[in-house]
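The values are calculated or read from the model by the stated rules, or taken from the named source; none is laboratory data. This is a predicted model, so every value here is computed, not measured. Cβ placement follows ideal geometry from the backbone for every residue including glycine, while neighbour counts extend to all protein chains displayed.
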Amino acid sequence: MTLSYLPMGNLFMSKQILVTGANGQLGSELRELSGYFTNYDFTFITRHDLDLSDALAIKVWFENKTFDVIINCAAYTAVDKAEIEADLAFAINATAVQTLAQFAKLHGISMLHISTDYVFAGDSCKPYQETDATCPQGVYGQSKLEGELAMRAINPDRSVIIRTSWVYSRFGNNFVKTMVRLGKERKELSVIYDQIGTPTSAKDLALVLLMIIDSPQLQSQSGTEIYHYSNEGVCSWYDFALAIFKSSPIRCKVKPIETKDYPTPAKRPHYSLLNKAKIKNTFDLTIPYWRDSLLQCLKYIKHSKGKSL
C-alpha cells in the first residue's frame, strides 16, 4: 500500500467522509493523507467539536448533516485509568459507537470503526482470528468489545470493524515517542519481554482505511464485517525498544523484565498476535513489515524536529 493509490470513484461527486478523533494518532495520519485523496471531502472533528461521552449531544450534532462514510478513530485509550473511569470508558468506547452505528444504519452510511487486540484474553499460542472467542481482561478491553457488539447488533451495511494492536505514529503519545524521549534522558531502561504482539504504524492503517472506502468489496458488502490489521512480523515490547534505539543514534541500554516486575492497574494480554489473512485476501493487501514501517516513522520524527534524534 503506497500513496500511488488514489481512489477514482465518481469524478463529479466527492464522497463526504467524517473522521472522529481527529487529533489522535490515526486521525492525525488521516488528516495528513487527506490531501492526496482529492475525491474525498473530509470533515475532521475532535472532542472539542463533539463530546462523544454524551449520546444526546451526538444525536443533536448529526441533525441536518449527511455523510457517505464515518471513520471512527475516537476512543478512550487510557488502559490503566479506565479501571477507575469505567463509566467514561464505556460511554466513549461503547455507547458512542452504538449511537454512531444507529445513525449510519438509518442513513445508509458506511462506518469504519477501530477496535483492539485487548478484546482477547492473550493466552493463545497462535495468532487470533476474527472468529476466535473474546475475553477481555480489563475495563478498556471490555468497553471496546461492547462497542463491537453494539455495532454488530445494529449491523450497518458496507461497514467494518478493524481490530489492531500496538499503534504508534509521529503524532500523539505512543511507545515509539516515549522510548525516543526516555532514551535521550536515561542510560538504561527496563522493558517487558514477555508480552508478544506486533506494532502497527498508524500511517499504514490510515492508508488501508482510505483504500477500503472505495473498494468494490466493501461496496458490495451487506452488514458489518470484522477484520484484523497490524504490520507483519512479531516482537516483544523489549524487541520493539531495541529496534527503536538501533535505528537511531540514541545509545541507551535496554534491560528485559517480566510483566510481574512492572505491575499495572490493568492486565495486558501476554500474547496478542492478530491473524491478518482475512483482510489481506479480501482486499488484496500487501502489509509492510513492522521494522520497515518503524524506520519510516523515525525518519518522520527526525524531520519534524529538524534535528537528529
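When GLU130, GLU146 are screened for being closer than 30 Å to GLN217 by Cα, in contact with a Lys or Arg (Cβ under 8 Å, 6 or more places away or on another chain) and touching a residue at least 12 places away in the same chain (Cβ under 8 Å), only GLU130 passes. Annotation note: of GLN142, GLN129, the sole residue that is over 29 Å from PHE42 (Cβ atoms), buried (at least 16 other Cβ atoms within 10 Å of the Cβ) and modelled with pLDDT of 95 or more is GLN142. Scanning the range 261-287 for residues that are surrounded by fewer than 19 Cβ atoms within 10 Å (Cβ to Cβ) and either of a type in the set (S, T, N, Q) or touching a strand residue (DSSP E or B) at 6+ places or on another chain (Cβ under 8 Å) (or both) yields ASP261, TYR262, THR264, HIS270, ASN275, LYS278, ASN281, THR282, THR286.
Evaluate the range 47-57: report whether one residue or more is at pLDDT 95 or above, under 21 Å from the mean Cα position of the chain (by Cα) and of a type in the set (Gly, Ala, Ser). No, the range 47-57 contains no residue that is at pLDDT 95 or above, under 21 Å from the mean Cα position of the chain (by Cα) and of a type in the set (Gly, Ala, Ser).
Would you say SER308 is in a loop (DSSP other than H, G, I, E, B), over 19 Å from the mean Cα position of the chain (by Cα), buried (at least 17 other Cβ atoms within 10 Å of the Cβ) and at pLDDT below 95? It is false that SER308 is in a loop (DSSP other than H, G, I, E, B), over 19 Å from the mean Cα position of the chain (by Cα), buried (at least 17 other Cβ atoms within 10 Å of the Cβ) and at pLDDT below 95.
Among residues belonging to the range 96-126 that are among the aliphatic types (A, V, I, L, M) and outside any helix (DSSP H, G or I), point out the one that is surrounded by the fewest Cβ atoms within 10 Å (Cβ to Cβ). Applying the filter and picking the extreme gives ALA121. Tallying residues that are crowded, with 20+ Cβ neighbours inside 10 Å and touching a strand residue (DSSP E or B) at 6+ places or on another chain (Cβ under 7 Å) within the range 150-161 yields 6. Would you confirm, using the coordinates I've provided, whether GLU258 is of a type outside the set (Lys, Arg), surrounded by 15 or more Cβ atoms within 10 Å (Cβ to Cβ) and modelled with pLDDT of 95 or more? Spelling it out, it is not the case that GLU258 is of a type outside the set (Lys, Arg), surrounded by 15 or more Cβ atoms within 10 Å (Cβ to Cβ) and modelled with pLDDT of 95 or more. Scanning the range 208-252 for residues that are of a type in the set (Val, Ile, Thr) and over 12 Å from SER110 (Cα atoms) returns VAL208, ILE226, VAL234, ILE244, ILE250. Which residues, taken from the range 14-64, are part of a helix (DSSP H, G or I) and farther than 28 Å from CYS297 by Cβ? Result: ALA55, LEU56, ALA57, ILE58, LYS59, VAL60, TRP61, PHE62.
Residues satisfying the criterion are absent from the range 211-220 (criterion: part of a strand (DSSP E or B), modelled with pLDDT of 95 or more, under 16 Å from the mean Cα position of the chain (by Cα) and within 27 Å of TYR36 (Cα to Cα)).
Answer yes or no: is there a residue in the range 173-192 that is farther than 30 Å from ILE70 by Cα and in a loop (DSSP other than H, G, I, E, B). Yes, the conditions are met somewhere in the range 173-192. Please tell me if GLY197 is within 22 Å of ALA96 (Cα to Cα), at pLDDT 95 or above and not β-branched (Val, Ile, Thr). No, not satisfied.
Which members of the range 222-267 meet the condition of being within 24 Å of the chain's Cα centre (by Cα), more than 14 Å from VAL191 (Cα to Cα) and of a type in the set (D, E, K, R)? Of everything in the range 222-267, those that are within 24 Å of the chain's Cα centre (by Cα), more than 14 Å from VAL191 (Cα to Cα) and of a type in the set (D, E, K, R) turn out to be GLU225, GLU232, LYS267.
Taken over the range 232-283, residues that are assigned to a loop (DSSP other than H, G, I, E, B) and either closer than 20 Å to VAL79 by Cβ or of a type in the set (S, T, N, Q) (or both) amount to 15.
For ILE213, state whether it is under 26 Å from ARG31 (Cα atoms) and not acidic (Asp, Glu).
yes
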